[in-house]
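Quick notes on the structure that follows.
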Number of protein chains: 2
Amino acid sequence: MLNVMPRRIIIIGAHAAGVDAAAAARKTDRTAEITLISKERRVGYSRCGIPFVIGGHIPRFDDLIVYPPTFYKMMKLNLKTETTVTHINKDAKTVETIDKNGKTETLPYDSLILATGASPFVPPIKGKEKQGVFVVRSLEDGEMIDAAIKAGAKNAVVIGAGLIGLEMGVAFVERGLKATVVELLPQTLPAMLDADMANIVQAKLEEKGLRIIVGKGVSEVLGDEKVTGVVVGDEQIPADILVVATGIRINSQLAQDAGIALGYYKGILTNMRMETNVKDIYAAGDCAETVSIITHRPVLYQLGTIAVRHGKVAGTNAAGGYSVFPGALGSCTSRMFDLESGATGLTEAMASKNGITPLVGTVTSKTRADYYPGALPIKIKLVFDKESEMLIGGQIVGGEDVTQRINALSFAIQKQMTLRELVKADTAYTPPLCETWEPMVFAAETALRKVR
Amino acid sequence: MLNVMPRRIIIIGAHAAGVDAAAAARKTDRTAEITLISKERRVGYSRCGIPFVIGGHIPRFDDLIVYPPTFYKMMKLNLKTETTVTHINKDAKTVETIDKNGKTETLPYDSLILATGASPFVPPIKGKEKQGVFVVRSLEDGEMIDAAIKAGAKNAVVIGAGLIGLEMGVAFVERGLKATVVELLPQTLPAMLDADMANIVQAKLEEKGLRIIVGKGVSEVLGDEKVTGVVVGDEQIPADILVVATGIRINSQLAQDAGIALGYYKGILTNMRMETNVKDIYAAGDCAETVSIITHRPVLYQLGTIAVRHGKVAGTNAAGGYSVFPGALGSCTSRMFDLESGATGLTEAMASKNGITPLVGTVTSKTRADYYPGALPIKIKLVFDKESEMLIGGQIVGGEDVTQRINALSFAIQKQMTLRELVKADTAYTPPLCETWEPMVFAAETALRKVR
């Protein structure tokens, strides 16, 4: 008679990393008892979709729930929502929880996965506690912003011109509001693009009616109880809605309290199996640091793609399987109005910051044969390491098929393709969809001219 | 005093390979005397664009002329049109020409580039000499077909379901004709896709009103002077236009007569510098054989992308520079109606034919996040070598961004990415443009499941 206790796996957090961890754990161990614990009422949804609901592209916020209740049933996952983990006891291998009714429990685990994510960081701006000031992280955040628009808001200000900030600005314009994005740094999308590329994005968004102010901060939020405007330099900008999208802070307190080591960026430190320094405790997603495939140094990419990959690896290992996460390139892409843009690897500025002398190739080309109507201009910037001539980064603004060009560059970086190899690369062609000389190859060519 | 005779470079052929060779030669040697010789009146045009003019996507056939007369002037190229090279004297290093007025010349060269291309092959079908029977190679061919449509043609039949054949069939439907494509082999696109993938293309084109008959040949062309129909098996199909797109025959007679060696497929044999077995004579484009990056065996890809790359290498070397062509993968792509499809490397069938045991991963997914409206279904088939687990081929049908996915797979093949590496690849994501798990990664995952 087989009499083995089923493996008990607890996962704290039930979004991209947590749910993918649960699914991977289930595939690895069919008899494990897997429990997902979330503070939220609704779980398993896509945060990345929130600006697109606000912008009117997707009908309802609940549409963003990628994993419906039937999923948890089918995968035999216990799901505890509106429940907070208050303490991890790593020696006893238990977690303590409290639910919305105040009921506490102590749950034992064999493996524990921390997918605690991150929280929006709101800088200490005077007046930031007023009504009408929002962040963008949960469905509730999105719903509150949507309600404010429906209640007649006319002016929106967004602080922060990262992807979420700009996407929110675009969403407000799409909903007919007058919208302004204010960024303290001298360019938009500083974590994604070099200034020369970001400036094109900025100009395109401005053309479509989004006001963007760079190099200035919001010094004060105006209004009595409710926000009525913000102060930017000498200017007062009216605002019924103020969205703060200035970045996030990792939810690592629970881990820290349990004696789990944090890394350089104060994210949870893990090995390649996403294991923390405490045996049988794993971390995945926005709360976990990762390593750059290029520099081999810690990085903190908070991307859905990395969260699901972290989750899959952590879930497999937590369930007794074997899987490693090899590191990340931070490949990302966006579409704002009709403008696509994307990036992978290091920008020129990031390369320099990492001590790498960049060799850069840039080209402006178009997406179809000369004679084929409807071609769009596309700008591609490639960054190579000057010594090895290996591709270490790519940025694309405009055109069509940007996402898959980014994936092509990502594959090339992962496989250490050199400048000279990329110049010779075999690419596909048909007049309605591309050129005989692919712009990525052209961009490499411009870099090659600098060295030969 | 510097007194050096300028290098004399003659290029026979002035389309993709010839013109790109001339441009590369000019960039390599600013003082060379470069002469392009073409039998045609119009040169430097895109053959690939012809079906799209016929289909009505591009206004005029002359729009396909990518290199206008100003280009030759700017690049200081001598262009001799409507001139035929009748003989190459490799010992004297001269070519003999005859122009449209019967005037002959003997032109000396230091370097000679053969970019003689290929000609449509018309199989010996009874009645093939009738009026209304066309091939698709030159602008004149396109203009004659267009004139026949304008003269009131109602029914078109195309023999051959390769890319050109299908694109012509689609163009006829777009112009309001009843169109039928007849293919002797049991599937469409046999040089590009496996049957399982090609069948999806076939079904989609049929849905849009193109009739496709596979596994049958045209046994007879009906009509008196003018074609009125064709016989396919027991059936007579009416036709005012019959297009023969059953492949091409390499224009290698001139080379053969000069004692230049041909290869396995009777294309001109070259080394990596596109040099033939005769010193100072190069070959480029459709007339030249190339080598598969995967199998290292000869292949005969007749693609514009390869022609321009051949041309660039040949032109650089012919002008005293140094450049090599590393081989090809045959990456290609197409859009017919709204259906995109593409391929790179080996199909499953080609792998088997080359003695490679294929390991296949196939996935049907979609092009956007679940909740984002407008996602299209996409089917991806990946072929790996079973022993090394290296990616050796990819095929995609449907969806969006197919071309750049093919490029991504092409880069991966070039850099010998393995199944296990592709499963871990870093990809970009945003709800309107793609999924968190890129379908290419999913397809690799399905192959991995078979081996672990």
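The values are calculated or read from the model by the stated rules, or taken from the named source; none is laboratory data. Owing to the predicted nature of the structure, the values given are computational and were not obtained by experimental measurement. Please note: Cβ atoms are built from the backbone with ideal geometry, for glycine as well, and neighbour counts cover all protein chains shown.
Listed values, structure above:
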read-out: Subset of the range A:323-340 [more than 10 Å from chain B (Cβ to nearest Cβ) and either over 24 Å from residue A:164 (Cβ atoms) or in contact with a strand residue (DSSP E or B) (Cβ under 8 Å, 6 or more places away or on another chain) (or both)]; value: A:339
read-out: Enumerated strands (runs of 3 or more DSSP E) restricted to the range A:51-141, each holding at least 2 residues that are surrounded by 15 or more Cβ atoms within 10 Å (Cβ to Cβ), under 26 Å from the mean Cα position of the chain (by Cα) and away from chain B (no Cβ under 14 Å); value: A:77-80, A:83-89, A:111-114, A:118-120
read-out: Residue list for the range A:392-425, restricted to those being under 23 Å from the mean Cα position of the chain (by Cα) and assigned to a strand (DSSP E or B); value: A:392, A:393, A:394, A:395, A:396, A:397, A:398
read-out: Residue within the range A:109-117 that is over 19 Å from residue A:274 (Cα atoms), out of contact with any Asp or Glu (no Cβ under 6 Å at 6 or more places or on another chain) and in contact (Cβ under 8 Å) with a residue 12 or more places away in the chain present; value: no
read-out: Within the range B:358-394, considering residues that are closer than 30 Å to residue A:47 by Cβ and aromatic (Phe, Trp, Tyr), the one farthest from the other protein chains (Cβ to nearest Cβ); value: B:372
read-out: Selected residue [surrounded by fewer than 17 Cβ atoms within 10 Å (Cβ to Cβ) and at negative phi] from B:190, B:186; value: B:186
read-out: Residue identified as of a type in the set (Val, Ile, Thr), at pLDDT 95 or above and within 23 Å of the chain's Cα centre (by Cα) among A:360, A:324; value: A:324
read-out: Complete set of residues in the range B:280-309 that are at pLDDT below 95, among the hydroxyl-bearing types (Ser, Thr, Tyr) and over 12 Å from the mean Cα position of the chain (by Cα); value: B:290
read-out: Any hit, the range B:441-448, residues being more than 23 Å from residue A:412 (Cα to Cα), at pLDDT 95 or above and not assigned by TED's automatic domain parsing to the domain that holds residue B:298; value: no
read-out: Test for residue A:6: is it within 19 Å of the chain's Cα centre (by Cα) and either part of a loop (DSSP other than H, G, I, E, B) or not assigned by TED's automatic domain parsing to the domain that holds residue A:171 (or both); value: no
read-out: Of all residues in the range A:324-352 being outside any strand (DSSP E or B) and among the acidic types (Asp, Glu), the one that is surrounded by the most Cβ atoms within 10 Å (Cβ to Cβ); value: A:348
read-out: Matching entry among B:313, B:278 (being within 11 Å of chain A (Cβ to nearest Cβ) and either assigned to a helix (DSSP H, G or I) or touching a Lys or Arg at 6+ places or on another chain (Cβ under 8 Å) (or both)); value: B:313
read-out: Complete set of residues in the range B:277-292 that are in contact (Cβ under 8 Å) with a residue 60 or more places away in the chain and surrounded by 20 or more Cβ atoms within 10 Å (Cβ to Cβ); value: B:281, B:282, B:283, B:284, B:285, B:286, B:287, B:288
read-out: Single condition residue B:355 does not satisfy, out of (1) within 12 Å of chain A (Cβ to nearest Cβ); (2) more than 30 Å from residue A:44 (Cα to Cα); (3) among the small types (Gly, Ala, Ser); (4) not in a strand (DSSP E or B); value: (1)
read-out: So residue B:203, is it among the aliphatic types (A, V, I, L, M), surrounded by fewer than 18 Cβ atoms within 10 Å (Cβ to Cβ) and closer than 22 Å to residue A:430 by Cβ; value: yes
read-out: Condition check for residue A:267: crowded, with 19+ Cβ neighbours inside 10 Å and in contact with a Ser or Thr (Cβ under 6 Å, 6 or more places away or on another chain); value: no
read-out: Residue that is surrounded by fewer than 24 Cβ atoms within 10 Å (Cβ to Cβ), touching a strand residue (DSSP E or B) at 6+ places or on another chain (Cβ under 8 Å) and basic (Lys, Arg), where the choices are A:154, A:150; value: A:154
read-out: Test set (1) among the polar types (S, T, N, Q); (2) assigned to a loop (DSSP other than H, G, I, E, B); (3) out of contact with any helix residue (DSSP H, G or I) (no Cβ under 8 Å at 6 or more places or on another chain) - residue A:302 fails condition number; value: (3)
read-out: Selection count where residues are within 10 Å of residue B:241 (Cβ to Cβ), not aliphatic (A, V, I, L, M) and not in a loop (DSSP other than H, G, I, E, B), scope the range B:147-159; value: 1
read-out: Any hit, the range A:34-47, residues being surrounded by fewer than 18 Cβ atoms within 10 Å (Cβ to Cβ), in a loop (DSSP other than H, G, I, E, B) and touching a Lys or Arg at 6+ places or on another chain (Cβ under 8 Å); value: no
read-out: Whichever residue in the range A:403-448 is of a type in the set (Ser, Thr, Tyr) and at the interface with chain B (Cβ under 7 Å from one of its Cβ atoms) and, among such residues, is surrounded by the fewest Cβ atoms within 10 Å (Cβ to Cβ); value: A:436
read-out: Among (1) aliphatic (A, V, I, L, M); (2) more than 7 Å from chain A (Cβ to nearest Cβ); (3) surrounded by 22 or more Cβ atoms within 10 Å (Cβ to Cβ) - the single one residue B:451 does not satisfy; value: (3)
read-out: Boolean, residue B:197 is out of contact with any Ser or Thr (no Cβ under 7 Å at 6 or more places or on another chain), over 21 Å from residue B:221 (Cβ atoms), assigned to a loop (DSSP other than H, G, I, E, B) and not hydroxyl-bearing (Ser, Thr, Tyr); value: no
read-out: Residue A:255 being modelled with pLDDT of 95 or more and more than 18 Å from residue A:129 (Cβ to Cβ); value: yes
read-out: Some residue of the range A:222-243 being closer than 29 Å to residue A:286 by Cα and touching a helix residue (DSSP H, G or I) at 6+ places or on another chain (Cβ under 7 Å); value: yes
